[in-house]
Structures are given as C-alpha cells and as structure tokens.
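Below is one structure, written out as structure tokens; the observations come after it.
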C-alpha cells in the first residue's frame, strides 16, 4: 500500500499536511480532450530528438528518478504519489496527430513516443492511444522513435514491423538495473528487467 505523499506544489497557494497517517494513494484516471497540438517541440541540446507525442500524463511505473514529475504540478497535482496515481489519458491524441500530419508545416520529422510519460503505461492496454497513434504514423510513413520500460510494446509488433519496412523505426528500452531487487527499489512498479530484455529480443527478431 502506498500513502499520499507529495512535495508542496509551488503553483498552488495552499498545501495540505496530514495529521497522523495520510490516506492511501488510490489510482485515479482522468480522460482529457486535448485542444492544443499533440506534438511537442523540444529544442534542448541535452535531448536527442526534436518532436515527441505524449498520450498520457503521469506514469504508474513510479520511478524515483523521473525528471517528469514536476510537470504534474501544472495540473494542480503533486509531483510525488499524485504523479504515479493520478493519470490522465489524452483520449483524442490519434485524431490530433492526424490533423498535425495533414498540415503543410509538418515536414515528416521523427516523432518520439514519449517524453514525459511511458507510452506503454498499463492504461495503454485499455485505451490503445499509443497503438492508434502508431497506426497514423504508419499511414503517413512518418519516422518513429519509442522510449519505454514496458513489455506491453510486444502487443504492437505487427504495426512496428510494418513501420520498420516502410520508414525509420528506433526503439529504446530503459534498463538502468540488471538486478531485479535494485530495480524494484527504484522503479517499484515498472516491468522487471528480464521482461524488458525479452521484449527487446522479440522486437529485434521481428523488426530488424
């Protein structure tokens, strides 16, 4: 069981301090109809790509080192357990992506899934937003990059193998720890390192 624990949100005028034991941090899922572009442009020299798509906000993998945690504070949530348990699904992401690809200003740059959340969080098994966005990329033959810790990516091998034939496809698995116990201590709800290695092997077999 995880209890609510968030640092003070600098964007809010009030904060909560629990007297006694805080309540359990229960999973909450919010559907969001995004109104802005689904493609985020990044011009940082420290990041190896320029354009990314985030179908979700927050990440249930709960990695302690995640740099994206403060982005949750802009939503009025916390950067601690809120980031892990208050998750947002951008339910119209595939439609927005198609609209972006139809614009003359889009030049077919590599599109990376994702930057501030894993594209294959467990919610993806239900929402299939990443899969549907990949289908749009395949339709337009747009180059794709994927950064993930999830073995759920194996579900989309059919689309990924086609992308690899039609355009450029790059998949990065984040595996900072080989030892399962070390991984559990720092990435408590991420898939095991072994499952990530197996997913990597399977993707290499079908997509190279």
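The values are calculated or read from the model by the stated rules, or taken from the named source; none is laboratory data. This is a predicted model, so every value here is computed, not measured. When we count neighbours, we look across all protein chains shown, and the Cβ atoms used for this are built from the backbone with ideal geometry, even at glycine.
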The lone condition residue 23 fails out of (1) loosely packed, with under 10 Cβ neighbours inside 10 Å; (2) under 24 Å from residue 129 (Cα atoms); (3) in contact with a strand residue (DSSP E or B) (Cβ under 9 Å, 6 or more places away or on another chain) is (2)
When you go through (1) farther than 20 Å from residue 41 by Cβ; (2) within 14 Å of the chain's Cα centre (by Cα); (3) assigned to a helix (DSSP H, G or I) one by one for residue 120, which number turns out not to apply? (3)
Across region 71-128, what is the number of residues that are closer than 20 Å to residue 143 by Cβ and either touching a helix residue (DSSP H, G or I) at 6+ places or on another chain (Cβ under 7 Å) or free of Cβ contacts under 8 Å to residues at least 40 places away in the same chain (or both)? 17
Restricting attention to region 62-111, which residues are within 26 Å of residue 164 (Cβ to Cβ), part of a loop (DSSP other than H, G, I, E, B) and within 17 Å of the chain's Cα centre (by Cα)? 110
In region 34-57, which residue that is in a loop (DSSP other than H, G, I, E, B) and closer than 19 Å to residue 131 by Cβ is farthest from the chain's Cα centre (by Cα)? 34
Quick one: which residue in 154, 132 is free of Cβ contacts under 8 Å to residues at least 60 places away in the same chain, farther than 18 Å from residue 90 by Cβ and in contact with a helix residue (DSSP H, G or I) (Cβ under 6 Å, 6 or more places away or on another chain)? 154
Looking at region 26-59 only, could you name the residues that are touching a strand residue (DSSP E or B) at 6+ places or on another chain (Cβ under 7 Å) and either modelled with pLDDT under 90 or farther than 27 Å from residue 113 by Cβ (or both)? 34, 42, 49
Do you know which of the residues in region 14-33 that are in contact (Cβ under 8 Å) with a residue 24 or more places away in the chain and in a loop (DSSP other than H, G, I, E, B) is nearest to residue 92 (Cα to Cα)? 33
Right, residue 115: modelled with pLDDT under 95, in a loop (DSSP other than H, G, I, E, B) and under 28 Å from residue 135 (Cβ atoms) or not? yes
In this structure, does residue 69 turn out to be under 18 Å from residue 128 (Cβ atoms) and either at pLDDT 95 or above or surrounded by fewer than 17 Cβ atoms within 10 Å (Cβ to Cβ) (or both)? no
If a residue has to be loosely packed, with under 13 Cβ neighbours inside 10 Å and touching a strand residue (DSSP E or B) at 6+ places or on another chain (Cβ under 7 Å) to count, how many in region 179-199 make the cut? 0
